[in-house]
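Undergrad: I have a structure I would like to understand better, so I am pasting it below and will then ask my questions one at a time.
The values are calculated or read from the model by the stated rules, or taken from the named source; none is laboratory data. In this text, all values refer to a predicted model and were calculated from it rather than measured experimentally. Here the Cβ positions follow ideal geometry from the backbone for every residue, glycine too, while neighbour counts run over all protein chains shown.
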Amino acid sequence: MFVTTLLVLTSLLPRIGDGVDAVMAGFVRAESVLTTRAAAPAAPVFVSDERAVTNWRLEAEEALRPASLALVARYAQVTPAFVARCVKLNNYWCIKSARWQGEIGSDAEGHTGFASAADGADAAAQLLRRYYREFGRRTALSIVRRWAPAECRIGAGRPSTGPVSTGLAPLGLGKTLRARFLARHARGGAPRRHSVARGGPLRIQPWSPLARMAHGSKPRPIRVAAAAGPVIVAKATKPATTPRPGMTPIMTNPSDTLARSPSARLADRFAAESASLPAIAAGLPGIPFLDLTVPAPLCGNDEVRIRNYATRIAASVGLKIEDDLALFGTDGRPLPNLAPVLLAMSGVELGTLRAGPALVEAAVARLSLPATLSAR
């Protein structure tokens, strides 16, 4: 009996061992699948409502500097105030959409959302090479004027987007509630002595060129010579303005106030000073009665921003804003100045954060590959 039991156990042990090996192999396969899934997260997606790419926090932690702020951006429950909008797009140079490699979307203003920060760095390096070689923009100032142009467009001759209201007030355009309030109240909110009727015309200062253009010039005496007898002096007639309810004499015919001024020279001075002021809506189409002969200084602050931006770029390589930055050679290969210029541009675009040196150096190295050079 004992011998029989030993024989049965001996025959079954190899089969039990095979089963145990199979179970262990199954555990190993399951563990490898779970590890692979954990190492390969879901593909990034651009979320238009949030104006962000889903993996921007992970990319910011690895690619941005200072590292302490990048960690805060990575783990903060609410997006910190120092995180610029282009950080959430993996676009640390705020370039516009143009079917770049890795582009997965764009926001309402056309800024590209990239699948990774590396794709954004590659696009920035390629675009800067186009500026330098194809567009001939070799200085920091000329590059910034196209990379981050002025946003103040009034008076630039844009096509009209629709009719402009003729209800022009000295303190506002259009028949908005704010314009009506400012037209009816003096500084501090006190009501004016002569208020304008609801929905009626807005008040115009009598010495304004608007009054002279809308009602013609003040009457001039006309001398009629006769063969004999005294000289007859007559005044040129002009169509009478029909007063409306609630209109004051100044509003009915502002030019009469100029005519009744103590001195014609004083009235002319008022008109000249008023014409020298910047127009309220200089250059807006659909307002033919504005005097556009005197150019208004537009976008002054934007010019300061552009020059400061260019100064940061040029200073990163020890040059001035009108010096050649020497970014690329004659064969299109990157020169040593390219990496610091890209780092400086990222710092200006992002403010507190900036792209890390490793990200920029990797992009410059990929730009030096023969395939990339042949595709330029």
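Undergrad: Let me spell it out: the conditions are (1) more than 28 Å from residue 87 (Cα to Cα); (2) modelled with pLDDT of 95 or more, and residue 340 meets all of them except one. Which number is the exception?
TA: (1)
Undergrad: How many residues does region 107-122 contain that are in contact with a strand residue (DSSP E or B) (Cβ under 7 Å, 6 or more places away or on another chain) and assigned to a helix (DSSP H, G or I)?
TA: 2
Undergrad: Please give the number of the condition residue 59 fails out of (1) buried (at least 19 other Cβ atoms within 10 Å of the Cβ); (2) in contact (Cβ under 8 Å) with a residue 60 or more places away in the chain.
TA: (2)
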